[in-house]
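Chemist: Take a look at this one; I'll ask things after.
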Amino acid sequence: MSANVRALAAKCCFAVVDKGRSLADELPALQSKIEGKDKGLLQEICYGVLRYLPELEHISRQLIAKPLKGKQRVAHFLVLVGIYQIKYTRIPDHAAVSETVAATKPLKQFHLKALVNGVLRSFQRLTPTSEESLSEPVQFNHPSWFIKKLKAAYPQNWQAVLNANMAKPPMWLRVNSQHHSVEKYQQLLEQADITTDYIDPHSGAIKLSSPVDVNDLPGFALGQVSVQDGAAQQAAHLLDCQPNEHILDCCAAPGGKTCHILEQTPNLASMTALDVDETRLDRVKDNLARLHLTAKTIAGDASKPEVWWNGEQFDRILLDAPCSGTGVIRRHPDIKWLRTAQDIEKLVVLQQQILNKVWSLLKPGGTLLYATCSILPEENYQQIQHFIDSEPSAELIPISQSSTSIGWQILPDMQSMDGFYYAKLRKNNH
Ligand SMILES: C[S@@+](CC[C@H](N)C(=O)[O-])C[C@H]1O[C@@H](n2cnc3c(N)ncnc32)[C@H](O)[C@@H]1O
């Protein structure tokens, strides 16, 4: 018998919110317990609950007199799963309620069956609270520390950023230029009845009108195309590697940008893909293998090059730094509940350490591209401003798409892309 999808969803949200586990780690293991369409439904419910968590919590507080604690916490998340389905999905209310109530059994919360049933039925009759009376975290479904930071960074458009984070993200494709031009691949998509609605003029990234199963993409198994957001695809274009150069991608896993660089410039002298996390480095190897590409992979710490570096400087370095991920919340809503303001401070220090260290690995005249999937100034333009102020050999190279002088800040949903930051630096002979 297939497992109850609502029970799995409650378990997944409990693991993320209460145990601090990442959605990307939890969900696939739970999806493996169910079949076909149910996998998609489980994903939809888990993403939805994590997107709307404060609002769902607010509703449940109105309906349950005594909060469910301790061993009953999983039932608390089951209630949120129920409310989410009724409020935000097209599942008929009666089915959402009965399936959710039935989940109390596999969750060993059968004694709470009547309570879950009563709460969901009361919710169907509940008059919604007026928006103005809600606190900002409930109104915008983000943690208050993050809203505060956004208001300070983007006084004009912080609300637009929060709204963009709530949207379901589009699917972008990267065409392997070793196989097809973007135009040719677009024709193949058309023949497969897959419609596109935008092509980025700089990177050639293709945005699909609506997401499809990767196995339906022409040539996916043959490595002719990969799935990668339009913002992430700017990296290879901006780094602009040339034949016979030595390249370092020093935070490479899972390897999306390493592979893109290799597809774009097949005749490099060398490509070194470094990552501190050995398990994640295996994903770089898998991606290289799928695309029939070669790179030297090293498990090592970019802030300690003395341990792994052979002393030969690189022509170009991509530093896709460990970051808060605040630009990709629409793809990873769990980020909102896993990150804290203190994490940001630690990340800023780590980014600075890596930047300082890998700079000495760059040849004079060489280029370093600093990238994050963050939208917080301290990880982005302030980090780079600090670096160029303290490093006389560092010189900023303007990025044509940017309207500001210190790098290029892409906010979520600008041209439908993820939030990202890029700064391009040249090492002069100072
Ligand atoms: C933003 S992800 C990189 C994404 C990758 N560039 C891509 O396009 O697929 C950041 C990576 O940095 C790695 N990392 C974190 N700290 C590191 C360090 N000190 N040295 C090297 N890699 C590190 C993480 O394991 C993670 O894989």
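Chemist: State whether one or more residues within segment 273-284 are charged (D, E, K, R), closer than 24 Å to residue 370 by Cβ, free of Cβ contacts under 8 Å to residues at least 60 places away in the same chain and buried (at least 20 other Cβ atoms within 10 Å of the Cβ).
Modeler: Yes: segment 273-284 contains one or more residues that are charged (D, E, K, R), closer than 24 Å to residue 370 by Cβ, free of Cβ contacts under 8 Å to residues at least 60 places away in the same chain and buried (at least 20 other Cβ atoms within 10 Å of the Cβ).
Chemist: Further question: Out of 260, 246, report the one residue that is within 9 Å of the ligand (Cβ to nearest atom), assigned by TED's automatic domain parsing to the domain that holds residue 327 and either at pLDDT below 95 or in contact with a strand residue (DSSP E or B) (Cβ under 9 Å, 6 or more places away or on another chain) (or both). Break it down stepwise before answering.
Modeler: Details: 246 fails: within 9 Å of the ligand (Cβ to nearest atom).
From the options 260, 246, the qualifying one is 260.
Chemist: Six or more apart or on different chains, Cβ under 9 Å: which pairs go from a residue in segment 323-339 that's in contact (Cβ under 8 Å) with a residue 40 or more places away in the chain to one that's assigned to a helix (DSSP H, G or I) and of a type in the set (Asp, Glu)? Could you list them?
Modeler: Close Cβ pairs satisfying both conditions: 323/379; 324/343; 324/379; 326/379; 334/26.
Chemist: State all residues of segment 374-411 that are among the small types (Gly, Ala, Ser) and either over 23 Å from residue 429 (Cα atoms) or not assigned by TED's automatic domain parsing to the domain that holds residue 359 (or both); if no residue qualifies, say none.
Modeler: Selection gives 374, 400, 402, 403.
Chemist: Something else: Select, from 20, 48, the only residue that is part of a helix (DSSP H, G or I) and in the same structural domain as residue 131 (by TED's automatic domain parsing).
Modeler: Working: 20 fails: part of a helix (DSSP H, G or I).
After applying the criteria, what remains is 48.
Chemist: Only residues that are acidic (Asp, Glu), under 23 Å from residue 91 (Cα atoms) and assigned to a helix (DSSP H, G or I): list them for segment 23-44, please.
Modeler: Narrowing segment 23-44 to residues acidic (Asp, Glu): 25-26, 35, 38, 44.
So of that shortlist, the ones also under 23 Å from residue 91 (Cα atoms) come out as 35, 38, 44.
Those that are acidic (Asp, Glu), under 23 Å from residue 91 (Cα atoms) and assigned to a helix (DSSP H, G or I): 38, 44.
Chemist: Among the residues of segment 345-354, is any in contact with an Asp or Glu (Cβ under 9 Å, 6 or more places away or on another chain), hydrophobic (A, V, I, L, M, F, W, C), without any contact (Cβ under 8 Å) to a residue 40 or more places away in the chain and buried (at least 16 other Cβ atoms within 10 Å of the Cβ)? Give the derivation first.
Modeler: So in segment 345-354, the residues in contact with an Asp or Glu (Cβ under 9 Å, 6 or more places away or on another chain) come out as 345, 347-348, 351, 354.
With the extra rule that they be hydrophobic (A, V, I, L, M, F, W, C), the set shrinks to 347-348, 354.
Pick out the ones that are also without any contact (Cβ under 8 Å) to a residue 40 or more places away in the chain and you get 347-348.
Next cut, buried (at least 16 other Cβ atoms within 10 Å of the Cβ) only: 347-348.
So far as segment 345-354 goes, yes, one or more of its residues are in contact with an Asp or Glu (Cβ under 9 Å, 6 or more places away or on another chain), hydrophobic (A, V, I, L, M, F, W, C), without any contact (Cβ under 8 Å) to a residue 40 or more places away in the chain and buried (at least 16 other Cβ atoms within 10 Å of the Cβ).
Chemist: Still on this structure: Any idea which residue in segment 306-319 is farthest from residue 223 (Cα to Cα), counting only those that are crowded, with 20+ Cβ neighbours inside 10 Å and within 13 Å of the ligand (Cβ to nearest atom)?
Modeler: 309
Chemist: Examine segment 77-100 for a residue that is among the small types (Gly, Ala, Ser) and surrounded by fewer than 20 Cβ atoms within 10 Å (Cβ to Cβ), and state whether such a residue exists. Write out each step before concluding.
Modeler: So the first thing to find is which residues in segment 77-100 are among the small types (Gly, Ala, Ser), and the list is 82, 95-96, 98.
Imposing the further condition that a residue be surrounded by fewer than 20 Cβ atoms within 10 Å (Cβ to Cβ) reduces the set to 95, 98.
Checked against the condition, which is being among the small types (Gly, Ala, Ser) and surrounded by fewer than 20 Cβ atoms within 10 Å (Cβ to Cβ), segment 77-100 yields at least one hit.
Chemist: With the requirement that a residue be within 13 Å of the ligand (Cβ to nearest atom) and more than 25 Å from the chain's Cα centre (by Cα), what does segment 265-305 give you?
Modeler: 304, 305
The values are calculated or read from the model by the stated rules, or taken from the named source; none is laboratory data. All values derive from a computational prediction rather than experimental measurement. Methodologically, a virtual Cβ is constructed for each residue, glycine included, from the backbone with ideal geometry; neighbour enumeration extends over all protein chains shown.
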